Amino acid sequence: MIKIYDYILSVNCYKQRLMMSILDVPFESIPIDFYPGWEHKSEEFKKINPLGHIPVIDDDGFMLRDAHAILIYLASKYDPTGLWYPTNNPELIGETAQWMLFAEGTTNTASAARLHVNLGYEFDIEACRAGAHRLFRVLEEHLWFREQENLGWVCSGEQPTIADIAIFPDVILSEEGGVARIDYPALRRWTDRVKRIPGFVPMPGIFPVGDARPISHEGEANA
């Protein structure tokens, strides 16, 4: 069984839990006291990941770090359909890689703003928010045009890919960092589609479709 070194509030850890749930892959969560204990920076944990980051997975002795690398691994090994990481389609695999890199940007902006607000990370909050909105505008336009082609996902295939999973938590939790989504209707429709994927599981701050929560139009972070 896969072990994941995990923190319940981490978007990058959630991406792995969500992917394994969708693929129906059993796993064991090993909690890491990310905050306030900073266990991931301890010398003991650095024996597992010398970079001092989570998530890390241990799949029967095979250790792998980096959230998006893990998504690639999980889809490559555990998805018999080959749709989540479509290596048999050069165009789709190129698109998937392109949007996985885009997800690095949403993590470094929208999710960084959330870390600043919730955990006190010393980021330039206004730069993070401005960067998130710049990326959200790009994604909004892209998804709107996808919808005109009767396509619902980030890449141009008819099925979601790991790129959707990589971007989704950064977007859906953006309000916690003061990045409002009120001006991005296509983005909101896409997050609802992700929530309807069979095997979808929530995390704190992410609710199933139909479990409505108020959204602050000013983008103020929720406690």
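The values are calculated or read from the model by the stated rules, or taken from the named source; none is laboratory data. Quantities reported herein were computed from a predicted structural model and do not represent experimental measurements. Every residue, glycine as well, gets a Cβ built from its backbone with ideal geometry; the counts of neighbours run over all protein chains shown.
A few comments on the model shown:
- Any chance L139 is part of a helix (DSSP H, G or I), under 18 Å from R188 (Cβ atoms) and touching a Gly at 6+ places or on another chain (Cβ under 6 Å): no
- Note on the stretch 79-122: residues that are part of a helix (DSSP H, G or I) and not charged (D, E, K, R) total 26.
- Counting only strands (runs of 3 or more DSSP E) that sit wholly inside the stretch 1-76, those with at least 3 residues that are surrounded by fewer than 21 Cβ atoms within 10 Å (Cβ to Cβ) and of a type outside the set (V, I, T) are 27-31, 62-65.
- Test: residue in the stretch 23-38 that is over 20 Å from V117 (Cβ atoms) and in contact (Cβ under 8 Å) with a residue 60 or more places away in the chain: yes
- Per the listing E95, E104, the residue uniquely crowded, with 18+ Cβ neighbours inside 10 Å and acidic (D, E) is E95.
- Residue match in the stretch 145-152 (condition: part of a helix (DSSP H, G or I), at pLDDT 95 or above and polar (S, T, N, Q)): yes
- Of all the residues in the stretch 182-196, those that are part of a helix (DSSP H, G or I) and either under 15 Å from V209 (Cα atoms) or at pLDDT below 95 (or both) number 9.
- If you go through the stretch 155-176 and keep only what is of a type in the set (D, E) and at pLDDT 95 or above, you end up with D164, D170, E175, E176.
- Inspection of the stretch 114-135 finds no residue satisfying the criterion of being outside the structural domain of I22 (by TED's automatic domain parsing), under 16 Å from T191 (Cα atoms) and touching a Leu at 6+ places or on another chain (Cβ under 8 Å).
- Flag for V179 being modelled with pLDDT of 95 or more, in contact with a helix residue (DSSP H, G or I) (Cβ under 9 Å, 6 or more places away or on another chain) and loosely packed, with under 15 Cβ neighbours inside 10 Å: no
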